[in-house]
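Undergrad: Dumping the structure here so I can ask a few things about it.
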């Protein structure tokens, strides 16, 4: 049996996190479950706590099918959006570090 790659482990971790919070037989996240997931699993990225309006907008934007819950596809879209934002910050930091080394 071969060792899973970093990408395979990352994918498994995302699935594990989703299903840890998606309690019940529908395999979706209610608003309160999604809020708990964000506050617990993404606390370093989403440091502003208590912004109910922003969270409500995020839930509305994520809920593509309008059922009031976040399914796995919608969750993955959310994570992808966060990763794009984080990548922009990561690239800028790398560029800054590279320019400092050249000085």
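Undergrad: Specify the residue that is modelled with the highest pLDDT; the eligible residues are those in segment 24-66 that are assigned to a loop (DSSP other than H, G, I, E, B) and surrounded by 13 or more Cβ atoms within 10 Å (Cβ to Cβ).
TA: 28
Undergrad: Across segment 1-31, what is the number of residues that are over 15 Å from the mean Cα position of the chain (by Cα) and more than 24 Å from residue 60 (Cβ to Cβ)?
TA: Final tally of qualifying residues: 10.
Undergrad: Are there any pairs with C-beta distances below 7 angstrom linking a residue in segment 32-43 that is over 14 Å from residue 63 (Cβ atoms) to a residue that is at pLDDT below 90, with the two at least 6 apart or on different chains, and if so which?
TA: 38/46; 39/49
Undergrad: Those residues that are farther than 16 Å from residue 42 by Cα, loosely packed, with under 15 Cβ neighbours inside 10 Å and without any contact (Cβ under 8 Å) to a residue 24 or more places away in the chain, I need them from segment 67-83; list them, please.
TA: 73, the sole residue that qualifies.
Undergrad: Go through the residues of segment 13-22 one by one and say whether even a single one is outside any helix (DSSP H, G or I) and modelled with pLDDT of 90 or more.
TA: yes
The values are calculated or read from the model by the stated rules, or taken from the named source; none is laboratory data. What you see is a predicted model; the values in this text were computed from it and never measured. Don't worry about glycine lacking a Cβ; one is built from the backbone with ideal geometry, like all the others, and counts go over all protein chains shown.
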